[in-house]
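Just so it is clear, none of the values below were taken in a lab; they were calculated from the coordinates. None of these values were measured; they are calculated from a predicted model. Cβ sites come from the backbone with ideal geometry, for glycine too, and all protein chains shown count toward neighbours.
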Amino acid sequence: MANLIIVGAQWGDEGKGKIVDIYTEYAQDVVRFQGGNNAGHTLVVGDQKTVLHLIPSGILHEGKRCIIGNGVVLDPKVFLEEIEGLKKKGYLQDDRQLMVDGAVNLIMPYHKRIDIARELKSGAKKIGTTGRGIGPTYEDKVGRRGIRFADLLKPETFKRKLHEVLAEKNFYLENFLDEQPLDEQEISDEYLGYAEKLRCYLGRASTEIDRAIKAGHNILFEGAQGSLLDVDHGTYPYVTSSSTVAGGACTGAGIGPSLITDVIGISKAYVTRVGEGPFPTELHDEMGERLRAAGHEFGATTGRPRRTGWLDIVALKEAVRTNGLTGIALTKMDVLNDLETIKVCTAYKHGERLLEEFPQDFDILRECTPVYEEVAGWQSDINAVQKYAELPQQVRDYVDKIEAWTGCPVVLVSVGPRRDQTIQRINPFAEKN
Ligand code: IMP
């Protein structure tokens, strides 16, 4: 029995969707525990491409249970669109395959409007959010004025809560953000219109997971975004508003830490970031463009071009520590196919000081310059390689170095977007079965 958490080990977009999809084969239940439709997984099954923002990608596997834990924030409109899209493609034929915790906080129209208007007003100081209302929804959750999924299914409760909160939101929208106020009746009609279609998905993640564990299931906890976007441990304030590190799975799904058996961090063989915020190894030159083009580095959610840079071991070590990683899955190795040499940042220089730990102080981090080591590239096409031993020596040397620098085993190497372009060195599920 394994209870495995998958997290992004960088700033998101590490290719988690594909790895979750692969590990789902061994799990009976897949759980999301934080974030919302700011995430975006692009999945390629055969020749069919599916983009999911909210529903765990495990939904593409027949018979797997997908649970949206209490730590997630949910936009019911997006959720329903995803459900309908999946059903049209022949997935989710049985509604019991999907469950939403009643304590999930709803993303409301005012959250989205506030998110976008605040960014506009912030000008150069903007966070670069996805504009999906994520931050404002978490603010209301912690401020104890959130409207939860279970409230939506009780019309009188929903209307009362909406009435209570909307006056404050409209005041803020009109008087601080110079925005139009929102109409209470319109929101009420729209949201209550979704309610009956969503009722069948109501459940409780914690008890469901407990039952699954007692039945001997393997459970996969699917993180969204990345560790460096964590609201506590990330590059604050340029972060998302949830706990993206592994601990978030415990609070966001209602499982105790003693029951977690593995934590796998997904890292690209280089680094990308969308939105604003410090990024010490960012490349502003032709090499950055090359990585962006070769890696198709454009956001799955917003379509924004991603910032690109060399692999940052200082940042990766931070992810190993804050998540307690038991393994690293290295993705997009094939994007480096053509390079003669590859640079890896192993420390930062701040003034005269050499830093081997990721600085918590934002101003220090912004002033750091990377110290690089160069490793030899392989200059060959590795996309069809099936066995680790058949990878060019330079690829295996790169992996060995990453393991040595981080002190964490590399359990998987991905050499292309398809499921069959994945080399598993250690299978955390197989070991426990
Ligand atoms: P928010 O989550 O929309 O509030 O955005 C906050 C920051 O997190 C911005 O820099 C976003 O670009 C970033 N972000 C949010 N979700 C993702 C993701 O799934 N991948 C990468 N970056 C993300």
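If R0 is 22 Å, what FRET efficiency do you get for residue 42 and residue 403 from their C-beta distance, rounded to 0.05? Numbers along the way, then the final one.
Values: r = 28 Å, r/R0 = 1.27.
The value I calculate is 0.20.
For every helix of n ≥ 4 consecutive DSSP H residues, a contribution of -39,500 (n - 2.57) applies; sum these over the chain, divide by its total residues, and give [θ] at 222 nm rounded to the nearest 500 deg cm²/dmol.
Values: 14 runs with 147 residues, N = 433.
Estimated from H runs of four or more residues: -10000 deg cm²/dmol.
What residues of region 265-306 lie in the reach of a label at residue 349, counting those whose backbone N is under 16 Å from a point 7 Å from the Cα along Cα→Cβ?
It comes to 280-282, nothing else.
Please give, to one decimal in nm, the separation of the simple spin-label points placed at residue 286 and residue 214, each 7 Å out from Cα toward the Cβ.
About 6.5 nm, to one decimal.
Can you sort 29, 189 by how many other beta carbons sit within 10 Å, fewest first? Don't skip to the end; give the middle numbers.
Values: 29 25, 189 10.
Ranked by crowding around the Cβ, least crowded first: 189, 29.
Applying 1/(1 + (r/R0)^6) with R0 = 25 Å to the Cβ-Cβ distance of residue 232 and residue 363, what FRET efficiency is obtained, to the nearest 0.05? Numbers along the way, then the final one.
Values: r = 18 Å, r/R0 = 0.73.
Step by step, r from the Cβ atoms, then E = 0.85.
Do the alpha carbons of any pairs in 121/332; 16/89; 141/169; 49/141 sit beyond 25 Å of each other, and which pairs?
Working: 121/332 37 Å; 16/89 22 Å; 141/169 14 Å; 49/141 34 Å.
Long pairs (Cα-Cα over 25 Å): 121/332; 49/141.
Non-local amide H neighbours of residue 266 (under 5 Å, H modeled in plane, Pro and chain starts lacking H): which ones?
7, 8, 9, 329
Looking at the chain, send over the antiparallel percent of its DSSP beta bridges, to the nearest 5.
Percent antiparallel among DSSP bridges in the chain is about 40.
Where does each of 284, 111 land when they are ranked from fewest to most other beta-carbon atoms within 10 angstrom?
284, 111
Using Cβ counts within 10 Å as a stand-in for footprinting exposure, how do 57, 206 rank, fewest first? Working shown, then result.
Details: 57 27, 206 17.
Ranked by crowding around the Cβ, least crowded first: 206, 57.
I want to make sure I understand the PRE zone here: with the label point 7 angstrom from the Cα of residue 259 toward its beta carbon, which residues in region 312-345 have backbone N atoms less than 14 Å away?
Hits in region 312-345 for residue 259 at 14 Å: none.
Given the options 200, 368, 66, which has the most mean-square fluctuation in a GNM of the chain, springs set between C-alpha atoms less than 10 angstrom apart?
Between 200, 368, 66, it is 200 that shows the largest mean-square fluctuation.
For residue 190, project a label point 7 Å along Cα to C-beta. Then give me every residue of region 75-110 with its amide nitrogen under 18 Å of that point.
Only 75-83, 105-110 pass the distance filter.
Specify the inter-centroid distance of region 143-168 and region 340-387, based on alpha-carbon positions, in whole Å.
47 Å
If you take the charge dipole of region 105-200 about its Cα centre, with +1 on Lys and Arg Cβ and -1 on Asp and Glu Cβ, which of 122, 109, 155 is farthest toward its positive end?
Farthest towards the positive end: 122.
For residue 177 and residue 197 in one chain, what is 0.36 nm times their gap in residues minus the Cα-Cα distance, to one decimal in nm? Working shown, then result.
Working: separation 20, 0.36 × 20 = 7.20 nm, distance 3.38 nm.
Length gained between residue 177 and residue 197: 3.8 nm.
Filter the trypsin sites (Lys or Arg not before Pro) in region 1-96 to those in DSSP coil with at most 16 other Cβ atoms within 10 Å of their Cβ, and list the result.
Listed in order of number, the matching sites are 89.
Which value, in debye to the nearest 20, gives the size of the charge dipole of the chain about its Cα centre, when Lys and Arg are +1 and Asp and Glu are -1 at the Cβ?
In total the dipole reaches around 880 debye.
Among the GluC sites (Glu not before Pro) within region 348-397, which fall in a DSSP loop and have no more than 14 other Cβ atoms within 10 Å of their own Cβ?
On the way: sites: 352, 356, 357, 367, 373, 374, 390; in loops: 352, 356, 357.
Of the GluC sites (Glu not before Pro), the ones in loops of region 348-397 whose Cβ has at most 14 other Cβ atoms within 10 Å are 352, 356, 357.
Nearest 5 percent is fine: what portion of the DSSP beta bridges confined to region 1-76 is antiparallel? Intermediate results must be reported in sequence, preceding the final value.
Details: 5 of 10 bridges.
About 50 percent, rounded to the nearest 5.
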